[in-house]
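Heads up: the structure comes next, in structure tokens.
The values are calculated or read from the model by the stated rules, or taken from the named source; none is laboratory data. If you're wondering where the values come from, they're calculated on a predicted model, not measured in any experiment. Here Cβ is always computed from backbone atoms with ideal geometry, including for glycine, and neighbour counts include all displayed protein chains.
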């Protein structure tokens, strides 16, 4: 009987602790709010039978490659890369991972730079396609599709830097005009460290549950979400809040049409 009592007390204690963390995160101090769209907060299509929905954070690295879905590699400066402390052995094996943080900038200069890289890729493909060779013509068509996807459907949340501590990135975030997020991540070297790139895997909360009431108001079935067809997907705007403990949640989500969907994200 004592064991059962202790078990009940343990469960109640854990629940109270979790609830206290939620209250502190949401109501103690000031939360930061980000206005995003379906391009940055995609709807999960895993549970078509469920009345609830989830939105997950979509982002891409700052180097062109990967087409519509983008890539998860971040090109760093020599100083930022060296500060991560990857040894020559680690670079060759690709096995070591550093815990750290990644800086993501929303719809600012990094996104425009990425678009310019895809446009340059298209221009080069157009030149090569003049040869008439089938592989060059096919490459031109892929380059066109990639650029359209980046302009109309891909996430505008771009990872631009990584560091071992959050404080380092907070200082660098001041260099960018656009809104920025700093999230915990696992970092590992890419390309044997030749290109000074790291592969990034976010470790914090990147999937956000919607209540049944919010999902019902949104009135979107996951089966309607086709991210390989960016112009066919439903459009909505969502407010992502980040609390005092750095834990995000979806504050609101609403369908949008026309110009409302294209209003610059990040502005509440």
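The table below gives the values:
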quantity: Residues of segment 94-108 classified as at pLDDT below 90 and farther than 19 Å from residue 201 by Cβ, total; calculated: 2
quantity: Elements of type strands (runs of 3 or more DSSP E) in segment 188-266, at least 3 residues being under 27 Å from residue 73 (Cβ atoms) and modelled with pLDDT of 80 or more; calculated: 197-202, 236-242
quantity: Lone unmet requirement of (1) in contact with a helix residue (DSSP H, G or I) (Cβ under 8 Å, 6 or more places away or on another chain); (2) assigned to a loop (DSSP other than H, G, I, E, B) for residue 162; calculated: (2)
quantity: Test for residue 163: is it surrounded by 15 or more Cβ atoms within 10 Å (Cβ to Cβ), closer than 21 Å to residue 115 by Cβ and at pLDDT 80 or above; calculated: no
quantity: Conditions (1) modelled with pLDDT under 70; (2) more than 21 Å from residue 196 (Cα to Cα); number of the one not met by residue 66; calculated: (2)
quantity: Residue within segment 150-167 that is closer than 30 Å to residue 84 by Cα and free of Cβ contacts under 8 Å to residues at least 12 places away in the same chain present; calculated: yes
quantity: Conditions (1) surrounded by fewer than 11 Cβ atoms within 10 Å (Cβ to Cβ); (2) in a loop (DSSP other than H, G, I, E, B); (3) at pLDDT below 80; number of the one not met by residue 19; calculated: (2)
quantity: Index of the failed condition, residue 150 passing every other in (1) at pLDDT 90 or above; (2) surrounded by 19 or more Cβ atoms within 10 Å (Cβ to Cβ); calculated: (1)
quantity: The lone exception for residue 145 - which of (1) closer than 22 Å to residue 108 by Cβ; (2) outside any strand (DSSP E or B) it fails; calculated: (1)
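Rundown of residues vs (1) loosely packed, with under 14 Cβ neighbours inside 10 Å; (2) at pLDDT 80 or above, yes/no style:
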| position | (1), (2) |
| --- | --- |
| 12 | yes, no |
| 28 | yes, no |
| 36 | no, yes |
| 45 | no, no |
| 60 | no, yes |
| 79 | yes, yes |
| 83 | no, yes |
